[in-house]
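Notes follow once the structure below has been shown.
The values are calculated or read from the model by the stated rules, or taken from the named source; none is laboratory data. What you are looking at is a predicted structure, and each value in this text was computed from that prediction instead of being measured. All Cβ positions, even for glycine, are placed from backbone atoms using ideal geometry, and neighbour counts span all protein chains on display.
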Amino acid sequence: MQMQMQQTQQQATTAPISTSTPPPSSGGSASEAPPKQVAQAMDKLGQAERIIADIRIGADRLLEALFVAAAQPHQGNKPLQMFLKEDACMRQYLQDLRSLGKELEESGVLSESLRSRKDFWGLHMPLVCPDGAVVAYAWKRQLAGQAGASAVDRTRLALKAFTDQKRRFFPHLDDGLEASDSASKKCCVSEEITVDPKEEIRFLRTLPDVLKSVEKDVPSLKILTFERLDWLKRASTLSSSANESSLEHNYHGSNKLRLGSVGTVAEEKVAVIEMLFPSIFRAVVSLHPAGSTDPDAVAFFSPHESGSYVHARGFSVHHVFRHITEYAATALQYFLGNQTETGLYCLLHWICSYQTLFSKPCSKCSRLLAMDKKSTLLLPPVHRPYWQFSFSKILSVN
């Protein structure tokens with residue numbers, strides 16, 4: 001026993017390692033030896049792993065709550081309460097993970113030197129102090145290279161699982177996105193496009209420019225603009241079927257009526273856009289704020305419908321236009337999220353694709369009419385691929 005104590009004293013006198021003064025980047029206290037710091041950091045990384053697992057489970061529960069609310073809208077407040085409960089739990093998990101990350105930064109696992117190299121979990125060699133203190137740095141490399149990288153991989157797996165669950169419960173949100181990417185790539189390499197989309201976007205900054213461009217591209221379309229209160233007055237006094245036919249005749253015979261209708265309202269006050277294809281359908285698009293090119297709602301109606309329910313957030317009494325309106329809500333969110341600068345332009349062109357609603361057969365079954373299971377009625381194909389209406393593709397077609 002005395003021999004061992006003498007050996008330890010000799011080692012302490014001959015090789016004084018500066019363990020009592022850890023390097024600034026380690027962030028540990030003077031009394032903590034590197035093995036203890038390793039154990040504490042590994043324990044915190046284990047806690048982070050468990051929190052990430054809880055976040056993954058919470059994401060599944062959130063999606064399940066949304067799915068239940070969408071499938072059974074008449075359940076009352078039960079899905080909402082479940083969603084709020086899971087939302088509060090997720091916020092707490094994320095807050096715990098954030099505070100745990102700060103603790104790991106203070107302990108040296110996530111240091112500023114690693115951030116400056118743009119490598120959060122870098123496998124660089126440990127630094128060596130002039131006095132030979134390497135131990136305090138070696139454990140940081142071990143944590144950063146092994147446990148840290150493992151935590152990142154687990155986070156990526158959690159995000160992948162969340163994406164898979166989203167596709168499972170909400171498949172319509174991802175329909176055609178791959179086709180959209182491939183189509184956009186084809187448009188980029190195509191030699192038929194002679195107009196630079198960036199240059200063309202400059203001419204579609206204002207609302208009148210967008211409307212005039214759409215009118216030019218679709219000659220059979222009639223566009224009218226209104227203030228919000230003026231549209232409410234017009235909706236209750238829309239033309240009957242007899243007057244609609246005369247309006248259609250005047251529309252085809254007079255080009256001034258169409259151009260003049262766009263300019264009757266001041267640009268900064270335009271809040272509602274009416275798109276009319278005579279004898280086919282009427283679409284109502286709401287803008288918020290007024291005068292902007294940011295649509296916030298769209299609805300489809302029969303040309304012969306009138307009443308206070310005919311507005312951008314209303315629903316038609318006809319099943320076919322009701323289904324199109326429900327589908328248009330998804331298309332609107334797609335254009336707002338993926339076509340930020342030209343969302344209104346692409347949305348209006350997508351609406352114009354329904355001018356062949358009663359004359360173009362379905363691309364899958366080649367039928368003009370098919371039985372709708374919910375309403376047990378024969379309806380035309382109401383889903384038009386909105387993801388194919390990118391700005392560059394519209395330019396190439398026109």
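Scanning segment 204-232 for residues that are outside any loop (DSSP other than H, G, I, E, B), under 19 Å from Ala297 (Cβ atoms) and of a type in the set (D, E, K, R) turns up Arg228, Asp230.
Among the residues of segment 354-389, the ones that are in contact with a helix residue (DSSP H, G or I) (Cβ under 9 Å, 6 or more places away or on another chain), outside any loop (DSSP other than H, G, I, E, B) and either within 15 Å of Phe281 (Cβ to Cβ) or outside the structural domain of Leu332 (by TED's automatic domain parsing) (or both) come to 2 in all. Please verify whether Arg313 is at pLDDT 90 or above, in contact with a strand residue (DSSP E or B) (Cβ under 9 Å, 6 or more places away or on another chain), surrounded by 16 or more Cβ atoms within 10 Å (Cβ to Cβ) and closer than 22 Å to Glu227 by Cβ, treating the condition exactly as stated. So Arg313 does not fit the description; no.
Here's the yes/no breakdown for (1) assigned to a loop (DSSP other than H, G, I, E, B); (2) touching a Cys at 6+ places or on another chain (Cβ under 7 Å); (3) among the charged types (D, E, K, R); (4) under 20 Å from Asp372 (Cα atoms):
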site: Ala297; (1), (2), (3), (4): no, no, no, no
site: Pro303; (1), (2), (3), (4): yes, no, no, no
site: Tyr309; (1), (2), (3), (4): yes, no, no, no
site: Ser316; (1), (2), (3), (4): yes, no, no, yes
site: Phe321; (1), (2), (3), (4): no, no, no, yes
site: Glu326; (1), (2), (3), (4): no, no, yes, yes
site: Ala331; (1), (2), (3), (4): no, no, no, no
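The number of residues in segment 251-276 being of a type in the set (A, V, I, L, M, F, W, C), within 18 Å of Lys212 (Cβ to Cβ) and at pLDDT 85 or above comes to 6. In this structure, Ser359 does not qualify as exposed (fewer than 15 other Cβ atoms within 10 Å of the Cβ), farther than 22 Å from Leu207 by Cα and at pLDDT below 85. Candidates in segment 206-227 are the residues that are touching a residue at least 60 places away in the same chain (Cβ under 8 Å) and touching a Ser or Thr at 6+ places or on another chain (Cβ under 8 Å); of these, the one that is nearest to Lys269 (Cα to Cα) is Leu207.
The set of residues in segment 54-93 being within 26 Å of Glu105 (Cα to Cα) and either in contact (Cβ under 8 Å) with a residue 40 or more places away in the chain or outside the structural domain of Lys160 (by TED's automatic domain parsing) (or both) consists of Ile55, Arg56, Tyr93.
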